[in-house]
Each structure stands twice: as structure tokens, then as C-alpha cells.
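This report concerns only the one structure given below.
The values are calculated or read from the model by the stated rules, or taken from the named source; none is laboratory data. All figures in this text were calculated on a predicted structure; none of them were measured in a lab. Every residue, glycine among them, receives a Cβ derived from its backbone with ideal geometry; neighbour counts consider all protein chains shown. The protein model used for the area step is the full one, side chains on, heavy atoms only, and it has no ligands, DNA or RNA in it. Shrake-Rupley method; radii C 1.70, N 1.55, O 1.52, S 1.80 Å.
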Amino acid sequence: MPNKSFFIKTFGCQMNERDSEIMAQLLGERGYVETGDSDQADLIILNTCSIRAKAEQKVMSLLGVLRKQKKRNPGLKICVAGCVAQREGKQIIERMPHVDLVIGTQSIYQLTDLLDNLEDRPVVTMLSDDYQIPPFIPDLTAGPEQKQHSAVPFKKFLTIMQGCNNYCSYCVVPFTRGREISRKVSHILDEAHSLVEAGVKEITLLGQNVNSYGKTNVVSDDTDDYSFADLLRAVSVIPGLQRLRFTTSNPKDLSDDLMRCFAEVEILCPQFHLPVQSGSNRILSLMNRKYSRELYLEKVAALRAYRPEIALTTDMIVGFPGETDHDFEETMSLLEEVQYHGSFSFKYSDRPGTRSSEFTDKVDEALKSDRLRIFQARQDAISLQHNERYVGRTFPVMIEKVAQGSIVGRTKTNHLVHIANTFNNFLPGEIVSVRIIHAGQHSLRGELLDQDQQ
Ligand code: 5AD
Ligand code: SF4
């Protein structure tokens, strides 16, 4: 009998991307083969996001399309994983009876066992406060036929913790990912070593709130004295690792010790995503963010003192309930003050179960759209100004993709660079010297220096 094939569609954040890789590996170990064509698959997994209403609607409409595919191919199995699965549980099967399995965020490691028992339409969405993320060593030996999720990579995500205890008033994550759970230091280091031994050059440490690594709900014996900064230092000395990044951080927990790592840990890339969400103290307080604009700006100044070339990015929400014109002006003035290299900005979206969904003074949709447009236009102009400062300078660029006639890489600051003047057969992960010759809002163009100029 030929091997069964699977297709995974991932929505949302890097945490979901990493979870999809884990599910792909587990399926591979059970003899499934990954396909890039969902029409050919025996099993389709939607790994879902519920951060904003739109993300959830996308999943629901795709499930509608899959209903027809299942009619054509009744043997097809459909699994919903991730944050929508966690939040909606058995309601998904009630609304979408063609779904075979609903699997919550803490249950992905049970995937293959659950697939063996599909007759009873399993719905597994228990969240537990003492959940332990199991040790997991990535298998990077799979051949090229094991497409997307298991091709030998040069950069990888490594999950160090999961969940969130912050309860920002707008956010669904504490309900979809549960309480903060830190992985054991030894498990993380074993995984990091195995990645580097397999040829990985760049690791991004992942967690919803990495700054509180080891502080809460520590379910292991050896994380007790390890702060996130300690963990970062321990990973950074793995021989062969060339670039280290991490995400995401809450400004309130950003310690001086961690900020100092930007000055002291050479392979830590000068790039930092520090979500602020609003420039207004009144809105920050309604958001339950537990820091002020002033404290945030102090952290920004400290980061720039430790690593002057650091590229800062942020997340911003516009149109939070009760946001006045004045509050929005405060957001715009924060953007002017910080001059972010880039940002992700969103219109506030009501999420069921969150505190802010019960606030009464909601902002009109059209006004939210206007504010988003104004914010994004100004951010684009600032990003372009930053990028223009790179023109004429030379940077080490790590090659990411080599396709016909085009080579793309990234600087340490995480800027995308299109390399114009070479057809060399570079391998992803190689680092080359590139002089920047043109700046756009969202990417740079550069030319490779001759070997003797490097
Ligand atoms: N509405 C809009 N944006 C949100 N985010 C989180 N929850 C919401 C919401 N209810 C944004 C925040 C967060 C990013 C991942 O998504 O900016 O940092
Ligand atoms: Fe979306 Fe948050 Fe879940 Fe990531 S953790 S998939 S961003 S809801």
C-alpha cells in the first residue's frame, strides 16, 4: 500500500509554524509523506490562529471549501489544530461535521495516536497548568521529497516556552495557549545542539513572552536559576551557530541583563521586536499592559545605548475601545519618537472572552481604518528613511533563497536583500558580503562584492 500523504496549512505566528514542523515530523515517523498539493492529500491539517476575527474567518471559509473536497474524496481526513481548535473545541465539529479531528494547542504530540482512532471523532482541547512540553529532537535528515516542513534548513525556530500569564485585556492567547510553561534548559540545549550539528546557522528562540522564561509555572528541576538572558548566553556559545534571535517580548519584563546581551553576545542579531500596542498611557492602562510610555521609551534608549545599530520593530493596535483622537495622536508621536524600522499594525478586533470585548465605547470601523492608514503611511516613510541610510554600506548577508535569476538574503538586522549581480550557486545559509545599492520601504537591493573586495 502506498504511504498516506498529508498537507498542512499554517496560519498565524511563528509558534504555529514550529508546531506544524513538529506535527510534520511526527507524521513522517509514522510513514506519512508530505505533499505540497492539498488536492492529493489523504490528510489535511489546518493549524489555525484566532488572534483577530479575520484570522478565524479565514479558517472557517477554508473549512467550507474542504467540505466539497471531502465529498469528492470521502477517504480524506480533516484535522483542525491550533488556536481556533483550542477556543472552539467541539463547536467546530457541530458547525463543520466533515471535520474528523480537533486538536488543541497542548495536544499536538498526540496527533498520530489520535489519527489511529478517528472513528469516535476526537476533540482534544484540555489545557493544563502543569503541562510539560516533551523533549523533542528535530529530525533534519529527511530527503528533499519530505517537502516544506522537513527539508534540511539553515535557520530554525526553537520553542522555549508556551502560553501567557499577562492577560492583556484584548488578547485571546491566555485562553488558547494556557498558562506560561517553560521548557527545561537541558531539553532546549539538546535541541539547539542537534540543530547546529545538522547544519543550522541561525536559531530564533520562541515564546509568547520570552522575558518571563523560567519565572512562572516552572515544571522542571533545572530552570530554577535560569533567566532568559542566561538561556540566551548558553545557546549563544554553541560552536557553529552564527546568528541568534528571539521573539516575543513584553516591555514590562525586559530586564537590563537581557538588554546588555545585545552589547555582549556577539551572535545575537541587532534586531528587536518590542510590541508597544499604543502610545497613550490611558489606553495602555485599559489594555492592562503594565508599563507606561515613559518606561517603554527608557527601554528603547537603553537598547540603543547597548547596540546603536539595533533595528527596532513593534506591534501597534489602533481603535482600541475608547481611543480618542488625542490617544491616537499619542500613538503617532510615539512612532515619531522611536522611529521604528518597521511595524505590524492592526485594527482592534473583539475577541470572545476577553475583557475589552465587554468595553462599551467601541471605535467606529471607518475611523479605525483611517487611523490604520495614517499610521501605516507614516511608518512606511520612516522605514524608507532608515533603509536609505544603508545605501552605499556593506553588510554580511545570509543567503535564504536561490531561485532562477534571483538571490535573496537577510542582514543581521533582518532586512531582506535582493542580490542583483550574481548567478553563483550559493547555498542557503552561506554568508556573503553585499553592498547595498538601493532601498525600498520593505526591502533592500545590493550587489555582491568580488571575493578580493570582501
Ligand atoms: N485585536 C487586534 N490586534 C490584536 N493583537 C492581539 N490581539 C488583538 C486584537 N484583539 C495584535 C497585537 C499583538 C499581535 C500579535 O496581534 O498587536 O502583539
Ligand atoms: Fe494566533 Fe496567538 Fe495562537 Fe499564535 S498564539 S496562532 S498569534 S492566537
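What the table shows:
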read-out	value
FRET efficiency, VAL237 to ARG393 (Cβ-Cβ, R0 41 Å, nearest 0.05)	0.90
Ellipsoid equivalent to the chain - semi-axes via the Cα gyration tensor, in Å	34, 30, 23
Computed FRET value (nearest 0.05) for ARG373 with LYS71, which takes r as the C-beta separation and R₀ as 45 Å	0.60
Sequence-separation-based contact order of the chain, relative, with Cα cut under 8 Å and 6+ spacing, percent	10
Inter-probe distance in nm under a simple model that places probes 7 Å from Cα toward Cβ, at GLN57 and LEU189	4.9
Percent carbon-and-sulfur accessible area, the stretch 394-453, ignoring ligands, DNA and RNA, probe 1.4 Å	47
ARG95 accessible area, 1.4 Å probe, all protein chains in place, Å² to nearest 10	130
Heavy-atom accessible area order for GLU365, GLU358, largest first, 1.4 Å probe	GLU358, GLU365
Gyration tensor (alpha-carbon) shape descriptor, the stretch 394-453, a/c threshold 1.5	rounded
Cα-centred dipole magnitude for the chain, charges only on beta-carbon of K, R (+1) and D, E (-1), debye, nearest 20	1040
For THR394, solvent-accessible area (1.4 Å; no DNA, RNA or ligand), Å²	70
Per residue accessible area of the chain, 1.4 Å probe, in Å²	43
Listed residues PRO275, LEU66, THR411: farthest to the positive end of the dipole of the chain (Cβ charges)	LEU66
The stretch 146-388 - charge dipole about Cα centre, Lys and Arg +1 at Cβ, Asp and Glu -1, debye rounded to 20	560
Antiparallel %, DSSP beta bridges [both residues in the chain], to 5	35
Solvent-accessible area, 1.4 Å probe, carbon plus sulfur percent, for the stretch 146-388	53
Rounded accessible area of ARG373 (nearest 10 Å², 1.4 Å probe)	150
Cα-centre dipole for the stretch 394-453 with unit charges at Cβ (Lys and Arg positive, Asp and Glu negative), debye to 20	240
Those Cys residues of the chain for which no other cysteine Cβ falls under 4.7 Å	CYS13, CYS49, CYS79, CYS83, CYS164, CYS261, CYS269
Estimated FRET transfer efficiency when R0 is 30 angstrom, pair VAL265-VAL408 (beta carbons, to 0.05)	0.70
Accessible-area order (highest first, 1.4 angstrom probe) of the listed residues SER443, SER61	SER61, SER443
Top positive-direction residue, dipole computed over the chain with Cβ charges, set GLN106, SER443, ILE22	SER443
By accessible area with a 1.4 Å probe, ligands and nucleic acids excluded, highest first: order of MET332, MET23	MET332, MET23
Qualifying GluC sites (Glu not before Pro) for the stretch 246-299 [loop in DSSP, other Cβ within 10 Å: at most 12]	GLU266
